[in-house]
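Just so you know, all these numbers are worked out from the coordinates, no wet-lab data involved. A quick note: this is a predicted structure, and the numbers were derived from the prediction, not measured. Methodologically, a virtual Cβ is constructed for each residue, glycine included, from the backbone with ideal geometry; neighbour enumeration extends over all protein chains shown.
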Amino acid sequence: MAFSTLRGASSGLLAVFKKGPRLRKRRKAKSQPALPNAAEATPNTIASLAPLTKIISQYLDPKDVERVKEAYRFSDQAHLGQFRASGEPYISHPIAVTEICAGWKLDADSLMAALLHDVIEDQDVPKSELAERFGPDVAEIVDGLSKLDRLEFATKAEQQAESFRKMLLAMARDVRVILIKLADRLHNMRTLGAIGPEKRRRIARETLDIYSPIAHRLGLNSLFRELQDLCFQAIHPNRYQTLHKALLAARGNRREVLGKITEAVKVALPAAGIEAEVTGREKSLYSIYTKMIEQKKSFSDVLDIYGFRVVVHTLPECYLALGTLHQMYRPVPGKFKDYIAIPKLNGYQSLHTTLVGPYGTPVEFQFRTRDMDHVAEEGVASHWLYKDDDTTLNDLQKRTHQWLQSLLDIQSQTGDSGEFLEHIKVDLFPDAVYVFTPQGKILSLPRGATPVDFAYAIHTDIGNHAIASKINGEYSPLRTELRSGDSVEIVTSPSSRPSAQWLNYVRTGRARSEIRHYLRTVKYEESVAFGQRLLNQAFDQLNLPHPAADDPEWEKLAKGSGASSREEILADIGLGKRLAAVVARRFAPENAILATTAAAVDELTATTSAPILIQGNEGQAVQLAPCCGPLPGDAIIGGIRLGHGLVVHMAECAVAQRQRAREPERWIPVAWDSNTARHLSTRLDVTVINEKGVLGRLAAEISDADSNILHLTMHEDDASSTTMLHVTVQVDGRKHLAQVIRAIRHVPQVQKIVRIKG
C-alpha cells in the first residue's frame, strides 16, 4: 500500500538521534493519564491484543497481521515494567492508539509504527534497530513521532516548538506520521483523569491550539469534534457539565418536535423517489459554547442545536432531496451553503440548509452521498489514500498534497522553530473564503485574507512585486479583506517590493513567511552594500588603501570578532553594530600614527569626511526618520542606529538632536543626491472650518497638485467649530511640497497649515 502520493520531496532532514547499541537500561516510566471512569487498574492487569487482531484481520492479509503482532511483541518487551499513572501496563496505550489507526484502515507499516511510537523516546531504542527489524519506513515514522527531549534547549517553549516543527516536517514527507500522532493525542485526551488539573489544562490547550486544527485541516471531522469536546471538558469542567445538563433537558423538551420531523422526512423522500438514510444529531458542546461566546447568547437563545444528515446514493439526489424538504418547511434566508459545488479546503462536501420546523424550531439539514459522508468523517485517512502510485490525484488529494508541500516551503523561509510554529498556527484556519482568479479559477483562502495573501498563493514573485489590486474590476487597497465570490486581480511592478506593514494584515502562513524571508534577505544585502560605502569612506578619511576582498586580514578580523565572513562584518557596519572607523583601523600598518580610541576616530571622521549621498530609496539599510519626514531640499543629518542602519533626520529635528547629544560618535554627515526618489511621505496639520464638502475639496486640490493622500485622521474642536486634519501626503521634495501647500490654501475654509517636523 503506497503512500508516495502524499509524500513531498523534502529538502530539510529530520533530526537524527544518537545511534549505537541498544541501551538496556530503562528510562523512568512516563506517567500517562488514565480513563476518567474506569475501574482502578493494577500492575497485574493484562493488555489484550485480541480486539486489535480482530479488526486488522478484516482488511490485512495474514502476513501483514503477523508483522503487526511482531511489532507488538517488541513494544511489549521494550515497555516491560512501565506503567501508566492509572496503574495499567504502559503497553495498553500503544495498543489503544493502534486500534484507532486500524479503525481508519491504515496499512501494516502504520500500525507497526503506532505500536512502536514511544520506544525511541521512552526506552532509548535506536532508530537503526527499528529499521533493521521492521524496515526503514516504520523507523522513519517512529522517528518523526519522537520528541527532542535529549537535545538541549534554552526554554521549554523552544523545545516544544522544535518538536512540533520536526513532527510537521515528518508529516509533510509522510502523512501517516500525523495520523498516528492524532490517534495518540486522542487516546491521551480520552484518559486525562489520572493527572493533575494544571497539567490537564495545559495538554488540552495545546490540543485545541495545534492538534484539533490539524485534524480539521486534514478532514478528520469526527476526530476534530471529539478533540474539541474533550478539550472543553478539561479546560472548563464546570461549564461543560452545566451545558451538558442543559442539552439533556433540551433534548427531552424537543423530542416530540424532532420525532415529527424525522417521520415526515422519512415519508417525503421515498415519495419523491429518493432512497435515503436519515439520522439526527446534536451539535457538539464545544461548538454550542463557542457560538454562545461569539454571539453573546445564553443557551436558551441558541436554537439550532439539532440537525439531520440525509445520505443518498447519487449527487443529483442531494439536490432533489434539498428541493423536497424546501417544499415541506420554510428555509431560513442566508442559511444555504453549497459545499458540493465548492468543497471546503479539507475536501468536505455537503449541502447545508436550515429549515423552520414545527413550532418554529430551526433545524439544520445536511445532504451528501455515501462517498462524501466517508470523506467528511475520515478525510485524509479515507480509502483513497492507499491507492497505487500511478493513480491520478483527485481534487482532495491535490489540495492535501499542496498544503503538506507548503509546510516545506514555509520551513525553507523560516528563521527558527518558534517562527515556523507561528506560521503554521496562522495557517490552521477553521473557515475560508473562496475567490476567483482573472481566469475563473477558484482559490481558497482563510477568512480575513487580503489581496496580498491572494498574490502569494498564486506565486511568490507576484506577491513580492504587488503594487495594487483590483477586486471585482475596481482598484482596492492591498489590505482589503476578501469576501467569497470576489474576483481578484493583482497589479505588479518590477520596482515594487514587500513592505513590513503587510505583516500587520496578511493571514496565511505562506505570505507571512515569504514576506519575512524577503525582508531579512534584502535587509542583509542592502546592509552589506551600505556597510561597504561607510567602510570605503573610513579608509579614505584615514588615508588607507582599500583592502581586497581576499585580504587575509578579513579572516583574522572575522575570527577575532565572532563573525562568519567578510560580508557579515560589512552587514554589521551597515546595521550600526560595528563602527566603520574602528574596522578600518584594523587594516592600518603597524607603524601608522592613528587616533587611539574609537571615539577620537569618529570625531575626526565627523569633521573631515565627505557626506554620504542619500537618494531616499536605498531600502532598509537607509531609512528616512518617520518623526520628521525629511524631504529632498531639507538640511539633514544621519545617525547609525543599532540594528537599523542609517536613519536620516532633518537637522532641526528635536529627536535627532537629543540622540546626537547622547551618542555623538554614531552620527555622520549626509546630503541629498542629485537624483532623489519620488513619492516620499510627509505630514501636515491642516486646520479647517467644519463645513459640508470641505474634505472633498481639500482632497481634490491635493490630487490636482499631483500628490496623493496616504493617511488622514481628524480631531474636532466643538468650541470653535473647527477641525484639525492630520494628513500624510506623498511629494517629491520641498518644492513639490510648497506647491501642495499653495493648492491647499485655495480652499476658503482652510485657516492654518503646519508641516510636522518632529
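Things to note:
- For the listed peptides 307-313, 555-561, a ranking on the average number of other beta carbons within 10 Å per residue, highest first, reads 307-313, 555-561.
- Label zone at Asp685 (point 7 Å along Cα-to-Cβ), backbone N below 14 Å, segment 628-642: 628
- Per-residue packing, averaged as other Cβ atoms within 10 Å, sorts the ranges 455-466, 88-99, 654-665 into the order 88-99, 455-466, 654-665, beginning with the highest.
- When each of the peptides 372-378, 197-203 is scored by how many other beta carbons lie within 10 Å of its residues on average, the order from highest to lowest is 372-378, 197-203.
- Difference of contour (0.36 nm per residue) and Cα-Cα distance, Thr437 to Leu80: 122.7 nm
- For segment 240-381, the fraction of alpha-carbon pairs in successive 10 Å shells from zero, as %: 11, 39, 36, 14, 0
- Percentage, to the nearest whole number, of Cα pairs in segment 98-142 over 17 Å apart: 28 percent
- Residue-count net charge about Arg742 - beta-carbon cut-off 14 Å; Lys, Arg +1, Asp, Glu -1: +1
- Total formal charge among the other residues, if their Cβ is under 14 angstrom from that of Arg658, Lys/Arg +1 and Asp/Glu -1: +2
- Distance between the pseudo-spin-label points of Asp717 and Lys297 (7 Å out from Cα toward the beta carbon): 4.9 nm.
- A Förster radius of 51 Å combined with the Cβ-Cβ distance from Val257 to Lys199 puts the calculated FRET efficiency at roughly 0.75.
- Positive minus negative residues near Ser110 (Lys, Arg vs Asp, Glu; Cβ under 13 Å): -4
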